[in-house]
Each structure stands twice: as C-alpha cells, then as structure tokens.
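Single-structure report; data block below.
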Amino acid sequence: MSISEQDIAELRKQGDLKEFLKQTRAAAHAENKRRRTLVLRYPDLADQLKKAPHRHTTPQDWTGYIPPATDCTGAINTTPCRPALLALVAAAEQKGRAA
C-alpha cells in the first residue's frame, strides 16, 4: 500500500492517524505470522532458513518479516534475503495449494 504525505496530513487533520497506524501495524503483524506459520509447516522449507542468506539459528527464529522492496528514500532494496524469503514463501504457498 502506498500512502502520500497528503494522505497522512489528512488523517492527522481528521484525528485518524493513530488508528490508521494501529491498524497498519496489526495487519503487518498478522501477515508476518501467516508467512511464518506457512513456511514452518514444511520442514524442508523451514530448514532453508538456517542457510545463507538467512542464517537463522533455528527456523523458529524467523518472525515472518520480509524486508520491503524499497527503503524510505525509494532506493531498491538489494539485500539477498528479500528475494530468497519471497521464494520460500511462494514455495510454501504452492505446497499448500497442492495439498
């Protein structure tokens, strides 16, 4: 979702910014939990979280967070873990559909 400075100013003026931010955080938390649960359901995929580029001590250490495509300046996120995590989640979703 993309929100402009004008949108934020309008939300602030209406007194809705705090609620918007609360809902946005809750939605992000729920999506992270969904991804984490999905990947951890498949031991072969979960095991990949211990390997490069992730290198978690245990698969359960991953929160389900995937870094954004761009940073706050709009620069492309070039970290190798982002595409690897996206592929891992996609593989878990594919397995879920096939089951």
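Any read-out appearing in this document is the output of simple, stated calculations on the displayed coordinates, not a laboratory observation. Note that this is a predicted model, so its numbers are computed, not measured. Glycine also receives a Cβ, built like all others from the backbone with ideal geometry; neighbour counts cover every protein chain displayed.
When ALA84, ALA69, ALA90 are screened for being surrounded by 14 or more Cβ atoms within 10 Å (Cβ to Cβ), under 15 Å from the mean Cα position of the chain (by Cα), closer than 27 Å to SER2 by Cβ and of a type outside the set (Val, Ile, Thr), only ALA84 passes.
The set of residues in the stretch 26-66 being loosely packed, with under 13 Cβ neighbours inside 10 Å and in contact with a Ser or Thr (Cβ under 9 Å, 6 or more places away or on another chain) consists of LYS33, PRO53. Among the helices (runs of 4 or more DSSP H) confined to the chain, the ones with at least 3 residues that are free of Cβ contacts under 8 Å to residues at least 12 places away in the same chain are located at 5-14, 17-40, 81-98.
Within the stretch 2-25, being surrounded by fewer than 10 Cβ atoms within 10 Å (Cβ to Cβ) and either touching a Phe, Trp or Tyr at 6+ places or on another chain (Cβ under 8 Å) or not hydroxyl-bearing (Ser, Thr, Tyr) (or both) holds for GLU5, GLN6, LYS13, GLY15.
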